[in-house]
Every structure is written in C-alpha cells, then in structure tokens.
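FYI, it's all coordinate maths here, none of it is from the lab. Since this is a predicted model, take the numbers as computed values, not measurements. Note: ideal-geometry Cβ built from the backbone for every residue, glycine included; neighbour counts use all protein chains shown.
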Amino acid sequence: MFHSQILVNLIYLVAAVLFIFGLKMIAHPRTAVRGNLLSSLAMLIAVVVTVWLIVAANTASWAGWLLIVVGLVIGGGIGAVLALKVEMTQMPQLVALFNGLGGGASVLVAGAELIGMTNTEATADVMLATGLSGLIGTVTFWGSLVAFGKLQEISFFEKELPIPAPQAVNAVLAVVLIGMMVLMAAWGVGWPYIVIFLLATILGFTLVMPIGGADMPVVIALLNSYSGLAAAATGFVIDNNVLIISGSLVGASGIILTQIMCKAMNRSLLNVLFGTMQSGSGPAGADHEMYATVRSTSADDIAMILDNAQRVVFVPGYGLAVAQAQHAVRDLANILQERGATVEYAIHPVAGRMPGHMNVLLAEADVPYDQLKEMDEINPTLGQVDVAIVIGANDVVNPLANTDPNSPIAGMPIIEVSKARTVIVIKRSLSPGFAKIPNPLFAAENTLMFFSDGKKAVLDIVGAVKEL
Amino acid sequence: MIRNLLLLLIACCLVGTAASQLAFAEDKPKESSASVTPAEEAVPTAEATEEAPKYTKWTALVASVTIFVLAVFVGFEIITKVPPTLHTPLMSGSNAISGISIVGALLATALNAQWFASLLGLVAIILATINVVGGYMVTHRMLAMFQQKR
C-alpha cells in the first residue's frame with residue numbers, strides 16, 4: 001500500500017507536468033490541438049492510476065466499483081452528448097455549466113471525505129481546507145448555474161433579487177461563512193459544513209444575479225478561476241498534489257482572463273462584482289435630440305458603397321451571436337474579397353458574452369484567423385478604412401467612452417470606427433446597449449443605420465452586391 | 001521558457017520532498033526529547049507529545065502550500081500573452097483540467113465505508129466526468145475549427 005502510494009504520487013506528478021505542457025501549448029494556435037490532447041492524456045493517466053491505487057488498496061467493495069463504473073458511464077455520456085450537440089453560439093452557457101459542475105464535484109468530494117473522517121484526521125488544516133472547498137465550490141456551482149441561466153436567457157435569472165441591500169447581505173454572509181470555517185478548524189466538528197453549503201448557495205445567487213450582459217465575460221472568467229481554486233482546496237483535503245497543482249493552474253489562468261476582461265472595460269474587478277452601472281445619463285428626451293440626425297439606409301445603397309470600397313472592416317458584437325449571422329458575414333466577406341477588397345474583423349476584447357466569443361463564432365464560419373484583428377492592432381489603421389460595418393455591437397464602439405468623462409463607460413477602450421470613411425451600423429433599433437446610454441456614433445455624419453435583424457440584413461446586402 | 005518551467009517544477013518537488021523528510025526527521029527527536037527530559041514539568045511534556053504529530057502535519061501543510069503557490073506562478077507564467085483568439089478554448093480547456101477533482105471523487109466513492117459518502121462520491125464522479133469529458137471534447141471541437149484554416 002505504502003509503495004503503491006509513492007508510485008501513484010510520482011505518476012500524479014507526471015500528469016501535473018503534462019497539464020502544464022498542455023496548457024502551454026493551448027496558448028499558441030499552431031500547437032493548441034495537440035496541447036488539448038496532451039492535457040486530456042494527463043487526465044486519463046490521473047484517472048487510470050487512481051483506479052489502480054484503489055485496486056492496490058483492495059478495500060473497494062463490488063458496490064463501490066459498480067458506483068464508479070455507473071458514474072463514469074453516465075457522466076461521460078452526458079458530457080459527450082453536450083459537447084457534440086452544442087451550437088457555437090451557445091458556447092458561453094456550456095462553459096459556465098461545466099465550470100459549475102467542476103465546483104460542485106469539489107464540494108461533494110470534500111463532503112464525502114468529511115463523513116468518512118476520523119477524529120485524528122480532522123486536524124485544523126484539513127478542516128479549514130474542507131470548509132474552503134465547500135465555500136468556493138458551492139459559490140462556483142450556484143454562481144455558474146445562475147450565469148448559465150442568464151446566458152440561456154431563462155427569465156427567472158433576469159429578475160432583480162428581492163433583497164433591499166445585496167451588498168450588506170453579502171457582507172453578512174461572508175462574515176458568517178468565515179466564522180463557520182474558523183469553527184470547523186478550531187473545534188474539528190463537521191456540522192458547520194452544511195451551514196457553509198447553505199449560506200454559500202445564497203451567496204452564489206446574490207453575487208451573480210445582479211451582474212448582467214456585458215459584464216458576463218468577467219464573471220465567467222472569474223468562476224473559471226474559482227472552479228480551479230475549489231479543486232485545489234479539495235486537494236488540500238485529501239492531501240493530493242495533482243489536485244493542488246492543476247487546481248492552481250486553472251485558478252491562475254482564470255484570474256488572468258478576468259484581469260484582461262476588466263482592463264478591456266476600464267473597470268476594476270470590485271466594480272464589476274459589487275458596483276452597479278449607473279443607468280441612463282440624462283432624460284430620455286436627450287436621446288431624441290441626439291438621434292435627430294440619424295440617417296437610415298437600405299441594402300441596395302450599402303451594396304453601392306461596398307462596391308467602391310477597397311478596405312472593409314467588420315465589427316461584430318453580441319448581436320452577431322444572437323442573430324447567428326456569422327456565416328452570412330463570411331459569405332459577404334468572400335464576395336467582397338473576390339471583388340478585390342481587403343476584409344478584416346475588429347474584435348473588441350469584451351465583445352460577446354465570454355472571452356474570445358467572437359473569435360470562436362467566426363472560426364466556426366471558416367473565417368481565417370489572420371483576418372481577426374485585435375482592438376489595439378486595428379485602431380491606428382481605421383483612418384484608412386473605407387467602410388466599417390458594425391453588426392450587433394454598441395457600447396464597444398461608443399465614442400462617449402473617449403469624450404464624456406461622466407459616462408458610465410468613460411475610459412473604456414473602444415474600437416474607433418468613426419475614423420472610417422463610412423460607418424454602417426446594422427441594428428434592429430436605436431435602443432441602447434448594456435450600459436444603457438445613447439450612442440452618438442449612430443448620429444454621426446459618416447454613419448448610416450441599417451435597421452434590420454443582423455442575419456437578414458447581411459443576407460440582403462449579399463443579394464444586393466451580387467446584383468450589381 | 002520551458003526550461004524555466006521545468007526548473008520551477010523541480011523546485012516544487014524538491015521543496016515538497018525536503019519538507020516531508022523534514023517532517024519525518026522532526027517527528028522522532030521531538031518525541032525522544034520529550035521522553036528523556038522527565039525533570040521538566042508535566043504540562044509542557046504533555047504539550048510536546050501532543051504537539052509532535054501536529055507539527056508534522058503543519059510541515060506537510062507548508063509543503064502543500066508551497067506547491068500551491070509555485071503552481072499559481074507557473075500558471076501565471078504560461079497563460080499570460082495568450083492571443084485573444086484562443087481565450088474561449090483556453091477557458092474551456094483549463095475548465096476541463098479543473099475536473100481533476102474526479103480523482104478525489106473516485107477515491108471517495110471506493111474507499112469510503114459509509115453509504116452516504118459513497119452516494120456523494122457517485123454524484124461527484126458524474127459531475128466531474130461531465131466536466132472532464134465534455135470539456136475536452138468541446139475544446140477539441142473549437143480548436144479543430146481554428147486549425148482547419150491554416
């Protein structure tokens with residue numbers, strides 16, 4: 001038993017190293033597929049060696065084996081079906097859901113360990129780790145389910161919480177939760193775990209329910225980080241290094257993504273989590289005044305403009321995902337390229353509902369990824385662009401971010417489409433984006449609005465260009 | 001870069017083994033010193049014998065915390081400067097890795113005598129397996145899309 005334990009730990013180390021190399025390779029487009037395979041190989045090694053450890057320990061009853069096989073088959077089946085069936089537009093929901101399941105598994109493992117724990121094992125550090133695992137895992141689980149519900153647009157999750165002061169509630173919950181963990185650690189008792197689970201469930205809801213729309217990428221990245229930290233905490237509970245190492249890797253990567261997202265919105269993490277966006281600056285009448293000079297256009301006019309364009313840039317936003325317009329956009333781009341125009345895509349870091357959302361959608365539509373330009377790369381060259389086509393994006397192209405220091409999005413870096421010779425905005429109406437502020441871009445001199453559903457609009461333009 | 005990584009990792013292992021050896025080494029002298037000094041008052045002796053195993057535990061904990069902190073740095077080191085194009089696959093790929101708690105789930109299910117613990121373990125296995133299998137497969141699907149166009 002002792003020898004097999006040492007061998008198993010060494011093999012766990014191999015798995016951890018493979019995870020690191022796998023992640024490293026995922027960070028580069030050329031090696032990404034192999035990196036993911038390597039990482040999944042590491043997971044397989046970890047699972048197989050664990051099974052071998054159970055065989056070597058020879059304590060598992062036939063019922064235990066049955067449960068393991070049943071669990072693996074059911075879980076594997078559900079996972080495979082979800083992974084194969086999901087539409088690329090639904091990717092944010094799926095990632096949120098998987099995040100939550102990982103967190104939930106950590107909670108349950110810590111709970112199961114707690115039940116089987118003897119008094120000598122229940123030292124302060126193990127109990128503290130158990131409490132932490134329960135707290136982080138539960139918040140991740142429920143928080144992710146709420147995020148899933150919001151992204152799936154289930155109306156229950158879009159209501160406001162019937163709580164007068166969510167911040168105060170969160171603070172009280174946090175204090176009680178810390179108290180419960182201290183209690184577990186100090187007295188070595190298990191019952192606070194149930195309290196932690198219940199309170200953390202509430203906390204998961206009160207933390208994520210008020211967050212919506214454009215802040216979703218930050219939340220998903222943060223929950224991703226939490227699911228890793230929960231696994232790491234579980235690693236402390238069962239004293240298993242592979243859990244600690246891989247959990248902290250995931251924790252770190254999630255935190256980095258969170259930082260990138262926050263920077264792209266010029267907001268601090270605390271502001272995203274606890275600050276509510278001030279809604280609507282000024283009375284509704286101001287919108288009408290601002291939009292007095294809006295010019296509307298038709299597909300035929302746009303086709304004429306595009307016919308003369310040398311350089312065209314598409315600026316996609318969440319609306320592109322909603323309208324599932326990525327294939328239509330790709331078709332339009334192909335036609336324009338055949339006519340000799342250069343086509344590029346300007347991707348804002350927080351466009352969409354998760355980090356890299358737009359890139360995945362466009363990749364699905366076979367858009368070559370060297371045409372996808374980051375904001376910082378494309379902004380200096382937008383002055384030489386003939387036509388910028390904004391599809392389903394709003395706040396990320398709102399010039400108020402640069403001009404109005406009192407705006408809720410002040411200081412947020414934007415894609416400066418107004419520098420282009422002509423800006424075409426495809427949008428269903430003049431309704432504001434998530435930040436709930438009017439967009440002077442729509443009324444700018446060089447802007448033409450095409451009021452229509454994103455996909456239909458692009459298809460109409462494709463038809464009109466073909467007829468020229 | 002990869003060399004740095006390996007160095008860090010080796011450092012992790014060294015610290016880990018050193019700390020655990022230290023734990024074993026510290027264990028014995030503590031006990032013996034407690035037993036060869038009967039002249040001392042009873043209260044500190046009792047404390048010393050009580051504290052000896054605890055001390056071992058704390059040392060092992062320090063080793064684990066060391067591994068945790070170093071692994072976080074390795075994580076920071078390898079993830080920074082990921083192109084935004086790959087943010088979604090990176091997220092779902094790393095998310096699949098967080099399904100590593102499947103290891104804990106397997107152990108909890110098999111090695112636990114209590115039926116309720118095994119039940120929790122079963123649910124944990126299901127959740128973690130969905131996370132792992134689904135996560136890797138969907139990441140592969142996405143990355144394959146990115147690769148076709150090269």
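Using each residue's phi in segment A:50-56, evaluate 6.51 cos²θ - 1.76 cosθ + 1.60 at θ = phi - 60° and report the 3J(HN,Hα) Karplus result to the nearest Hz, with x for Gly and Pro.
5, 4, 4, 4, 5, 4, 5
Answer with one residue from A:Ser431, A:His348, A:Ile256: the one whose Cα lies farthest towards the positive end of the charge dipole of chain A, charges on Cβ with Lys, Arg +1 and Asp, Glu -1.
Going by the Cα projections, it comes out as A:Ile256.
To make sure I understand, if each residue's beta carbon is the centre and we count other beta carbons within 10 Å, what order do A:Tyr369, A:Tyr345, A:Tyr226, B:Tyr136 fall in, fewest to most?
A:Tyr369, A:Tyr345, B:Tyr136, A:Tyr226
In segment A:105-155, what is the volume of the convex hull around the alpha carbon atoms, normalised per residue and reported in Å³?
61 Å³
Enter the Cα centre distance for the pair segment A:407-459 and segment A:90-159, rounded to the nearest angstrom.
So the two Cα centres are separated by 39 Å.
Could you run the Debye sum over the Cα atoms of segment A:341-468, one equal point scatterer each and no solvent, and tell me log10 of I(q)/I(0) at q = 0.16, 0.19 Å⁻¹, two decimals?
Log10 I(q)/I(0), no solvent term: -0.85, -1.24.
Charges at C-beta only: +1 for Lys and Arg, -1 for Asp and Glu. How large is the resulting dipole of the protein assembly as shown about its Cα centre, in Debye rounded to 20?
Dipole of the protein assembly as shown, to the nearest 20 debye: 980 debye.
Taking Cα centroids, how far is segment A:233-265 from segment A:366-382 in Å?
The two parts, judged by their Cα centres, are 30 Å apart.
Which shape class applies to segment A:160-277: rounded if a/c is under 1.5, otherwise prolate when a/b exceeds b/c and oblate if not, where a ≥ b ≥ c are the square roots of the Cα gyration tensor eigenvalues?
Oblate, since a/c reaches 1.5 and b/c is not below a/b.
With the contact rule set at Cα under 8 Å and sequence spacing of 6 or more, what percent relative contact order holds for segment A:107-192?
After rounding, I find 45 percent.
How big is the Kirkwood radius of segment A:1-85, worked out from every pair of different alpha carbons and given in Å to one decimal?
In segment A:1-85 this quantity evaluates to 14.6 Å.
Note down the net charge around A:Met184, summing +1 for each Lys or Arg and -1 for each Asp or Glu among other residues with Cβ under 15 Å from its Cβ.
-3
Considering every residue in A:345-354, what mean count of other chain Cβ atoms within 10 Å of its Cβ is obtained?
Mean number of neighbouring Cβ atoms from other chains: 1.
Over segment A:1-85, what relative contact order in percent results from Cα pairs under 8 Å that are six or more residues apart?
Once divided by the residue count of segment A:1-85, the mean separation gives 27 percent.
In deg cm²/dmol, rounded to 500, what helix-only [θ] at 222 nm does chain A give when every DSSP H run of at least 4 residues adds -39500 (n - 2.57) and the total is split over its residues?
-20000 deg cm²/dmol
For the protein assembly as shown, with the dipole built from +1 on Lys and Arg beta-carbon atoms and -1 on Asp and Glu ones, taken about the Cα centre, which of A:Val242, A:Ile115, A:Leu94 lies farthest toward the positive end?
Projecting each Cα onto the dipole axis, the largest value belongs to A:Leu94.
Mean shadow of segment A:287-330, computed from the convex hull of its alpha carbons, in nm²?
Mean shadow area of the hull around the Cα atoms is 4.7 nm².
Which pairs in the list A:Lys24/B:Lys81; A:Lys150/A:Lys455; A:Lys427/A:Lys456 are over 21 Å apart, alpha-carbon to alpha-carbon?
Those over the limit are A:Lys150/A:Lys455.
Roughly what angle does helix A:192-208 make with the longest principal axis of chain A, taking Cα atoms, 0 to 90 degrees, to the nearest 10?
That works out to roughly 0 degrees.
From zero outward in steps of 20 Å, how is the percent of C-alpha pairs of chain A spread across the bins?
All Cα pairs considered, the percentages come to 22, 48, 25, 6, 0.
Quick check on the exposure proxy: order A:Glu377, A:Glu416 from fewest to most C-beta atoms within 10 angstrom.
Taking fewest neighbouring Cβ atoms as first place, the list is A:Glu377, A:Glu416.
Jot down the per residue volume, in cubic angstrom and as a whole number, of the convex hull over the alpha-carbon atoms of segment A:208-251.
Value for segment A:208-251: 45 Å³ per residue.
With +1 on the Cβ of every Lys and Arg and -1 on the Cβ of every Asp and Glu, and nothing else charged, how large is the dipole of segment A:284-467 about its Cα centre, in debye rounded to the nearest 20?
So the magnitude is around 260 debye.
Per 10 Å bin, what percent of the C-alpha pairs of segment A:289-406 does each bin hold, from zero upward?
Histogramming segment A:289-406 at 10 Å steps yields 12, 43, 35, 9, 0 percent.
Dipole magnitude of segment A:316-412 about its Cα centre, charges +1 at Lys/Arg Cβ and -1 at Asp/Glu Cβ only, in debye to the nearest 20?
200 debye
For the protein assembly as shown, what proportion of DSSP beta bridges, expressed in % and rounded to the nearest 5, is antiparallel?
Counting only bridges with both partners in the protein assembly as shown, antiparallel ones make up about 0 percent.
Could you work out how far helix A:62-85 tilts from the main Cα principal axis of chain A, as a 0 to 90 degree angle to the nearest 10?
Between the helix axis and the principal axis of chain A, the angle is about 0 degrees.
Report, as an integer, the average count of C-beta atoms from other chains found within 10 Å of each Cβ along B:60-70.
The per-residue average across the peptide is 4.
Based on other C-beta atoms within 10 Å, arrange A:Lys159, A:Lys150 from fewest to most.
Ascending number of Cβ neighbours within 10 Å: A:Lys159, A:Lys150.
Got the relative contact order for chain A handy, in percent, Cα pairs under 8 Å and 6 or more residues apart?
14 percent
Round to the nearest 10 and give me the degree value, 0 to 90, for the angle of helix A:454-467's Cα axis relative to the longest principal axis of chain A.
40 degrees
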